[in-house]
Amino acid sequence: MQDQTPKWSLAIHGGAGSMRPDTMPEADRAPYLAGLEAALAAGTAVLAAGGSALDAVSAAVMVLEDDPHFNAGRGAVFTYHGTNELDAAIMDGATRKAGAVAGIGHTKNPVKLARAVMEHSPHVMLSGAGAEEFGREQGIEQVDPDWFATPERWRQLQELKARKLGWFDVDLKYGTVGAVARDAAGHLAAATSTGGLTGKRWGRIGDSPLIGAGTYADDRSCAVSATGAGEAFIRAGVAQEIGARIRLAGEDLQAAADAVLADARALGADSGGGDGGVIVVGADGRTAFAMTTPGMYRARADSDGLREVAIFGA
Ligand code: ASP
């Protein structure tokens, strides 16, 4: 924990899950660590140059969307049907303006489309074909759906089907990406992007694009991006609840995040799982990681020289 307010700070995640040092050899860790480093570099470059928290979270998330190791953009997991359906959201803590998209399959960087919804439409959330049409009108890069598909994600779907795994088996699930930041002007932002859960029913929408569940930012409290069992996270209103506890009850960042994740975990017990993690940045620029899974791909940095890249829990 830091004593002073850093000028800017950034935290990112690449999904929570069952990663443990004894089951994940070092060679397997390298591409994830490299992806996190690249995303951290993209986001901190924006902040160090005096850029906005919104631009920083967009830049960091786009790097992870393009990296096939993470479950967002390229490398998204498959629905049971064998399709990739992507969700994303972004929120500006200064204005509490937000943009989100759900169930899209042609936009290369879903977080870019979410931002366009926020900045160039009167709406907060667009889904499916309507969202894609808006993206084309906005001149946002479109790709063939094959762009998102990777052999490893296909293998995971086949394994899920063969082993008849439960929906929330953390061995195969999670990998959502997200970022939260505070810029030098003191403004916060959050962004999250995901392919959802392997084997999800087509049309299913998780917590990531839902403002207040998987993504939230409010300069008065904090910015949050979540990863985990989306259904439980929606029911617990994870991101908004963390902010409310900080703003209204004066709770510490870490205590608020831990309490809300415990709530989601308990709620999910009736429906196959409620585990996951969050990254949080407070109005004072301090950051926190919290998780109820063994691991979470994560990293953070700030203007005071804090720098951390990690996979496993404490
Ligand atoms: N929370 C995401 C969802 O339920 C999954 C994840 O975090 O990987 O769609």
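Worth a mention:
- Inclusion of R201 among residues that are open to solvent by 20 Å² or more (accessible area, probe 1.4 Å), under 19 Å from T227 (Cα atoms) and of a type outside the set (A, V, I, L, M) is warranted.
- Taken over region 268-314, the criterion of being surrounded by fewer than 18 Cβ atoms within 10 Å (Cβ to Cβ), among the acidic types (D, E) and at pLDDT below 95 is satisfied by D270 alone.
- For D144: the one exception among (1) within 16 Å of the ligand (Cβ to nearest atom); (2) free of Cβ contacts under 8 Å to residues at least 60 places away in the same chain; (3) exposed (fewer than 14 other Cβ atoms within 10 Å of the Cβ): (1)
- Output for region 22-46, where each listed residue is among the hydrophobic types (A, V, I, L, M, F, W, C) and in a helix (DSSP H, G or I): A27, A30, L33, A34, L36, A38, A39, L40, A41, A42, A45, V46
- Odd one out for V111, checked against (1) at pLDDT 95 or above; (2) open to solvent by 60 Å² or more (accessible area, probe 1.4 Å): (2)
- Matching residues in region 217-242 - criterion: being under 20 Å from A299 (Cβ atoms) and within 7 Å of the ligand (Cβ to nearest atom): A226, T227, G228
- Any hit, region 298-308, residues being over 23 Å from L64 (Cα atoms) and of a type in the set (K, R): no
- Number of positions in region 1-38 that are hydrophobic (A, V, I, L, M, F, W, C) and within 16 Å of the ligand (Cβ to nearest atom): 5
- In region 86-148, counting only strands (runs of 3 or more DSSP E) that sit wholly within it, the ones holding 2 or more residues that are touching a Leu at 6+ places or on another chain (Cβ under 6 Å) span 97-104.
Residue by residue, here is whether (1) more than 8 Å from the ligand (Cβ to nearest atom); (2) open to solvent by less than 10 Å² (accessible area, probe 1.4 Å); (3) modelled with pLDDT under 95 holds:
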site: G175; (1), (2), (3): no, yes, yes
site: G178; (1), (2), (3): yes, yes, no
site: A185; (1), (2), (3): yes, no, no
site: S193; (1), (2), (3): yes, yes, no
site: D207; (1), (2), (3): no, yes, no
site: L210; (1), (2), (3): yes, no, no
site: T215; (1), (2), (3): yes, yes, no
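- Test: residue in region 19-26 that is among the acidic types (D, E) and under 18 Å from the mean Cα position of the chain (by Cα): no
- Residue list for region 48-81, filter: in contact with a Phe, Trp or Tyr (Cβ under 8 Å, 6 or more places away or on another chain) and more than 18 Å from A189 (Cα to Cα): H69, F70, N71, G73, R74, G75, A76, F78, T79, Y80, H81
- Filter result for A149 (away from the ligand (no atom under 14 Å from the Cβ), open to solvent by less than 50 Å² (accessible area, probe 1.4 Å) and more than 16 Å from the chain's Cα centre (by Cα)): yes
- From the list G93, G99, the one residue that fits, being in contact with an Asp or Glu (Cβ under 9 Å, 6 or more places away or on another chain), more than 20 Å from G139 (Cα to Cα) and buried (at least 24 other Cβ atoms within 10 Å of the Cβ), is G93.
- Of all the residues in region 193-212, those that are assigned to a loop (DSSP other than H, G, I, E, B), of a type in the set (S, T, N, Q) and in contact with a Ser or Thr (Cβ under 8 Å, 6 or more places away or on another chain) number 1.
- Matching entry among D66, D87 (being open to solvent by 50 Å² or more (accessible area, probe 1.4 Å), out of contact with any Cys (no Cβ under 6 Å at 6 or more places or on another chain) and among the acidic types (D, E)): D66
- For the condition in contact with a helix residue (DSSP H, G or I) (Cβ under 7 Å, 6 or more places away or on another chain), at pLDDT 95 or above, within 23 Å of R307 (Cβ to Cβ) and more than 16 Å from the ligand (Cβ to nearest atom), V46 qualifies.
- Close pairs from region 224-242: first within 23 Å of G285 (Cα to Cα) and among the β-branched types (V, I, T), partner more than 8 Å from the ligand (Cβ to nearest atom) and open to solvent by 10 Å² or more (accessible area, probe 1.4 Å), Cβ under 7 Å, at least 6 apart: V224/Y216
The values are calculated or read from the model by the stated rules, or taken from the named source; none is laboratory data. Since this is a predicted model, take the numbers as computed values, not measurements. For neighbour counting, all protein chains shown are included, and Cβ atoms are generated from backbone atoms with ideal geometry for every residue, glycine included. The accessibility values were calculated without ligands, DNA or RNA, using every heavy atom of the protein model including side chains. Shrake-Rupley method; radii C 1.70, N 1.55, O 1.52, S 1.80 Å.
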